[in-house]
Amino acid sequence: MVETPGSQSSLHRANLERVIRAVRMAGSLTQAEIARTTGLSAATVSNIVRELKEGGTVEVTPTSAGGRRARAVALSADAGIVVGVDFGHSHLRVAVGNLAHKVLAEDAEPIDVDASSAEGFDRAERLVRRLVSESGISPGKIIGIGLGVPGPIDIGTGVLGSTAILPGWAGAHPRDEMAARTGVPVYVDNDANLGALGERVWGAGQGADDLAYIKVASGVGAGLVINGQIYRGPGGTAGEIGHITLDESGPVCRCGNRGCLETFTAARYVLPLLHSSHGTGLTMARVVRLAGEGDPGCRRVIADIGRHIGSGVASLCNLLNPSRVVLGGDLAEAGDLVLDPVRDSVARYSIPSAARQLRVSPGELGSRAEVLGALALVLNEMGEATLLDAAASFAA
């Protein structure tokens, strides 16, 4: 039967997808919470949940809410498997999860930053297959792969742009390459956006519909969530706060401009400041540890980084007015040593009303933020219709 707009069958399908969307975003909800989130009546939600359960799309388990018995609804563990792959500056991390936001397997290994994209994908493919096999999962149950790369992705073409972090990858087609190797849909995004997704679903950004995830490593980027959705901009380069100009006479940045935020905060620029006193083998993680132990030089560098990041965050506050900013990467381990200077700069440079509404927090997921965000990316991008169809095919 052909579904016409406004028909009972099309309305019913829309309600099914609305319920799945609510559960997918939250991981698990009671039926009362689904009704509040979707605006559907309790009776309609009850009927839809029963239908989805019978079709194998959701699982229902007893729970309690407000001291009363309730039923928690989550996407079925048998409705499909998603995979997250994160290529970092010096690592490859892979996670396997189900649709109920449960991580089933996870592992990481070092990767040569100068390796070719072909070698990187060879290793990613092997690691994915190993983890899926060790989990006892049929490869046929994989319904999507999320892929994170530390560089800009052209939204229209899917091509990885020029990046100083993975120079051998410029011009690569990560989505097409991984899809050809695995035969499943692949969704690609940059590491900052995935960090924002990961922290929003599993970490310090839970409950925030407007947030910025700031990652400071070899470069500086921000993942932006607006109204609950990642904002990428028309060309996919939104969130490049590392190239806000702080000093027109400052150091030359890799982008060609002078005095970008990145030149005052990224590891490649700030670690040399400590070489004369601490040697050349420093990493940002070690600087953070030494600062926590009271080393005055490292504490000063961390504080300066925090003040500069705060200037960039203040600009975000004035433009986008987020309710939360999450600081990720190694710097998050510095706690208030870096967060207090961030907050001081925000209070000084942003509109007072925006500063009052902002909460600045350390990330909770550490180095796992991006790979968990890759899992969340699949759930976000594949859509409710795909989940319904996948569950139906596995249940058949």
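For Lys53, the lysines whose Cα comes closer than 25 Å to its Cα, not counting residues fewer than 8 places off in the same chain, are Lys102, Lys141.
Each principal axis of the Cα cloud of the range 291-392 was evaluated for its coordinate range; sorted largest first, these ranges are 60, 35, 15 Å. Charged side chains reduced to their Cβ positions (Lys and Arg at +1, Asp and Glu at -1) give the range 35-168 a dipole of some 960 debye around its Cα centre.
Sorting Phe87, Phe264 from the fewest to the most surrounding beta carbons within 10 angstrom yields Phe264, Phe87. This model, with +1 at the C-beta of Lys and Arg and -1 at the C-beta of Asp and Glu, gives the chain a dipole about its Cα centre of some 940 debye. Were the residues from Arg71 through Val252 laid out at 0.36 nm apart, the gain over their Cα-Cα distance would be 59.4 nm.
Given q = 0.06, 0.08, 0.09, 0.10 Å⁻¹, what are the Debye log10 I(q)/I(0) values for the chain, with equal point scatterers placed on the Cα positions and solvent ignored? After summing over all Cα pairs, the log10 values are -0.26, -0.46, -0.58, -0.70.
Orientation-averaged projection of the range 220-340 equals 8.3 nm² [convex hull of Cα atoms, one quarter of hull surface area]. Kirkwood hydrodynamic radius for the range 5-153: how many Å is it when counted over pairs of different Cα atoms? By the Kirkwood definition, the hydrodynamic radius is 17.6 Å. With a Förster radius of 45 Å applied to the beta-carbon distance between Ser367 and Arg13, the computed FRET efficiency rounds to 0.65. If you wrap the tightest convex hull around every Cα atom of the range 189-291 and split its volume per residue, you get 127 Å³. Taking the fewest neighbouring Cβ atoms within 10 Å as the starting point, the ordered list for Glu109, Glu364 is Glu109, Glu364. Exposure proxy for Trp202, Trp169: other Cβ atoms within 10 Å of each Cβ, ordered fewest to most, give Trp202, Trp169.
Starting from a Cα-only point model with no solvent, please compute log10 I(q)/I(0) by Debye for the range 8-75 at q = 0.15 1/Å. So the normalised log intensities are -0.41. Note on Asp154 and Asp176: their simple-model spin labels are 1.0 nm apart, each label 7 Å out from Cα toward Cβ.
Every number in this text was worked out from the coordinates using simple rules, so none of it is lab data. Since we're looking at a predicted model, the values are computed, not measured. Cβ atoms come from the backbone with ideal geometry, glycine included; neighbour counts cover every protein chain shown.
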